[in-house]
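Colleague: The structure follows.
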Amino acid sequence: GLPKPSPGQWVTPLAIHPTNETILYGGWTGVYKSTNSGLAWTNISAGVITVTLADLAVAPSNPNYIYASTGSTLYVTTNDGATWTTRVAPSTINDIAVDPTDPNKIWIACNSTSNRIMVSTDAGATFTNISANLPGIVARTVVVDDNTPRGIYAGMNIGVYFREEGTASWTNFSYNLPLAAINEL
């Protein structure tokens, strides 16, 4: 029953501030922020993002870093929406995961059979393909754990795969799961 500040995609991306649960972010036609649990919203990307958004992520270690995407376009702010940078990923972005301690480090799951999982250490300015030995199917979602080294989990069109950061290959992690698309992890 919360107000919808503008048109959005069928599934509107939402995020919660990592330390203050009354601060919410929503990706409609632009990135909106609420400081009162969603009762009122302010467009913090006005004039920059004029399209509906497919994904949204807030850095757990520094909520001034916000990532939003539509298609292969990645929008990045490092100052809570005061300014935005527009970047282009190698393929359509299905999901964004931000490192728990480094707000500049992100992983993206892509709608591609070659650039499935990508990592960036510079807030999306450049990407490295870490898809080696994943099946040639689309990645739908990606999450990382807070262990060191990071465990990276990829939800694919069929199955879940795991890779520890620093290793060169992925392991099938979908034992006893049905052969189904994994949309969220």
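The values are calculated or read from the model by the stated rules, or taken from the named source; none is laboratory data. Since the structure is predicted, the reported quantities are computational estimates derived from the model, not experimental observations. Every residue, glycine among them, receives a Cβ derived from its backbone with ideal geometry; neighbour counts consider all protein chains shown. Only protein heavy atoms, including side chains, enter the accessible area calculation; ligands, DNA and RNA are left aside. Shrake-Rupley method; radii C 1.70, N 1.55, O 1.52, S 1.80 Å.
Colleague: Please specify each residue of the stretch 170-185 satisfying the condition of being hydroxyl-bearing (Ser, Thr, Tyr) and either surrounded by fewer than 12 Cβ atoms within 10 Å (Cβ to Cβ) or modelled with pLDDT of 95 or more (or both).
Modeller: Across the stretch 170-185, the qualifying residues are 171, 175.
Let's see how each residue does on (1) open to solvent by 20 Å² or more (accessible area, probe 1.4 Å); (2) part of a strand (DSSP E or B):
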| residue | (1), (2) |
| --- | --- |
| 118 | no, yes |
| 124 | no, no |
| 133 | yes, no |
| 142 | no, yes |
| 148 | yes, no |
| 155 | no, yes |
| 158 | yes, no |
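Colleague: Within the stretch 173-183, can one find any residue that is without any contact (Cβ under 8 Å) to a residue 60 or more places away in the chain and under 16 Å from the mean Cα position of the chain (by Cα)?
Modeller: yes
Colleague: Kindly provide the set of residues from the stretch 159-180 that are farther than 15 Å from residue 109 by Cβ and aliphatic (A, V, I, L, M), ordered by number.
Modeller: 168, 177, 179, 180
Colleague: Go through the stretch 160-169 and report how many residues are open to solvent by less than 50 Å² (accessible area, probe 1.4 Å) and either within 22 Å of residue 103 (Cβ to Cβ) or assigned to a loop (DSSP other than H, G, I, E, B) (or both).
Modeller: Matching residues across the stretch 160-169 total 1.
Colleague: Condition first: crowded, with 20+ Cβ neighbours inside 10 Å and small (Gly, Ala, Ser). Can you find one or more residues in the stretch 93-111 that meet it?
Modeller: yes
Colleague: Of all residues in the stretch 113-158, count the ones that are among the aromatic types (Phe, Trp, Tyr) and touching a Leu at 6+ places or on another chain (Cβ under 8 Å).
Modeller: Here the count works out to 1.
Colleague: Further question: How many residues are free of Cβ contacts under 8 Å to residues at least 12 places away in the same chain and more than 19 Å from residue 60 (Cα to Cα) when one looks only at the stretch 141-166?
Modeller: 1
Colleague: Under 7 Å between Cβ atoms, at least 6 apart or on separate chains: pull out the pairs that start in the stretch 45-74 with a residue that is closer than 21 Å to residue 118 by Cβ and of a type in the set (Ser, Thr, Tyr) and end on any residue that is in a strand (DSSP E or B) and open to solvent by 40 Å² or more (accessible area, probe 1.4 Å).
Modeller: Every condition considered, the pairs that remain are 70/52; 72/88; 73/86; 73/88.
Colleague: Being touching a Pro at 6+ places or on another chain (Cβ under 8 Å) and open to solvent by less than 10 Å² (accessible area, probe 1.4 Å) is the filter; apply it to the stretch 57-84 and report the residue that is nearest to residue 110 (Cα to Cα).
Modeller: 68
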